[in-house]
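Below is one structure, written out as structure tokens, with a few remarks after it.
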Amino acid sequence: MLKTAVQEQLLPGDTLQAKWEFAQQAGYDAIELRGKGDLHFASRRDALRQAHKDGVVMPTVCVDMLHFIGAFDEDLRRDALTQMKSQLTVIAEIGGTGAQTPASYGMFSRRLPPFEPPRSEAEDREILLAGLTELGEHARREGVTLFLEPLNRYEDHMVNRLDQAADLIRATGLDSVRIGIDSYHMNIEESDPAAAILAHADLIGHAQVSDSNRFQPGAGHLDWRAWLTALHTIGYDGHLALECRLTGDPVDAVRSVPAFLKRSGA
């Protein structure tokens, strides 16, 4: 059965409880949280625990920082690992399933000058494997999962496609690291998004949704029936978490998504 989630910043309301009330009325099954830096997510512990006690369903957290586990700077990289460990711990405390992160965001692109990053592909791989292994072991101890999200070539130069993420994850040898797919990035990078889902069925652990133009599903030209059918075929039973910009009236846009996805996946 198709389950939908929506990121917290897209919902009206001043508290998670108020946001949850709206989300349920709109047809969502969960809220995806956002994890900012400076241990901000951990500072929300009391509010998150109370929301969980009040019945708010919060299975996942998506990192929301300016530097990530593949940073060129060692201090920034270590800080990203610290932040992700904290987010994995906190999401476990409130009954969640895991935390999602890319290798990097906006750090470098081979599509723009100077075209060659300051670190070789072999060095990139070494750094990412070390970080994913460290986080995966922490996630395993906490009983949750780390989701590695491939981003498009203009936002990250290291992990753009599902096969690249799968290669790294298999190299860690950890069941606690899985791929977090995103329909927007797949629309840019995968020659056949549905086929990519089928090819990596054993490693897909989470899914985020937005359309081809980064607006809400239904506002672009992504082949939703093919994409959702592929997820159904592999037996994906997680949430489809809305992560997007909104076009049109924002409240109406958020409300439109569960019904649209259900129609498209029928």
Legend entry - Value in Å of the Kirkwood radius, where segment 150-258 supplies the Cα pairs that are averaged: 14.3
Inset, instruction - Check the straight Cα-Cα distances from residue 3 and name the lysines below 19 Å, setting aside those fewer than 8 residues away within the same chain. - result: 19, 262
Inset, instruction - Would you mind telling me the share, in percent, of accessible area of segment 66-223 contributed by carbon and sulfur at probe 1.4 angstrom? - result: 49
Inset, instruction - Show which aspartates and glutamates lie in cross-link reach of residue 53 when reach means a straight Cα distance below 19 angstrom and same-chain residues fewer than eight apart are skipped. - result: 8, 14, 21, 29, 32, 93
Legend entry - Relative contact order for the chain, counting Cα pairs under 8 Å that sit 6 or more residues apart, in percent: 18
Legend entry - Alpha-carbon centroids, segment 198-266 and segment 99-130: separation in whole Å: 27
Inset, instruction - State, as an integer percentage, the relative contact order of segment 42-128 based on alpha-carbon contacts under 8 Å between residues 6 or more apart. - result: 33
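So what is the orientation-averaged projected area of segment 1-134, using the convex hull of its C-alpha atoms, in nm²? Don't jump to the answer; show the numbers that get you there.
Details: hull surface 39.7 nm².
Over every viewing direction, the Cα hull of segment 1-134 projects on average to 9.9 nm².
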Inset, instruction - State, to one decimal in nm, how far the label point of residue 249 lies from the label point of residue 234, with both points 7 Å from Cα in the Cβ direction. - result: 3.7
Legend entry - For the chain, the Rg and Dmax computed from alpha carbons only, in angstrom: 17.6, 51
Legend entry - CD proxy at 222 nm, helix term only [per DSSP H run n ≥ 4: -39500 (n - 2.57); per residue of the chain; nearest 500]: -13500 deg cm²/dmol
Inset, instruction - Tell me the label-point distance for the pair residue 125, residue 223, using the 7 Å Cα-to-Cβ offset, in nm and rounded to one decimal. - result: 3.1
Inset, instruction - Run through the DSSP bridge list for segment 135-254 and note the antiparallel percent, rounded to the nearest 5. - result: 0
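The values are calculated or read from the model by the stated rules, or taken from the named source; none is laboratory data. Note that this is a predicted model, so its numbers are computed, not measured. Heads up, the Cβs are rebuilt from the backbone with ideal geometry, glycines too, and the neighbour counts pull from every protein chain shown. Areas reflect the complete protein model, heavy atoms only, side chains present, ligands, DNA and RNA absent. Shrake-Rupley method; radii C 1.70, N 1.55, O 1.52, S 1.80 Å.
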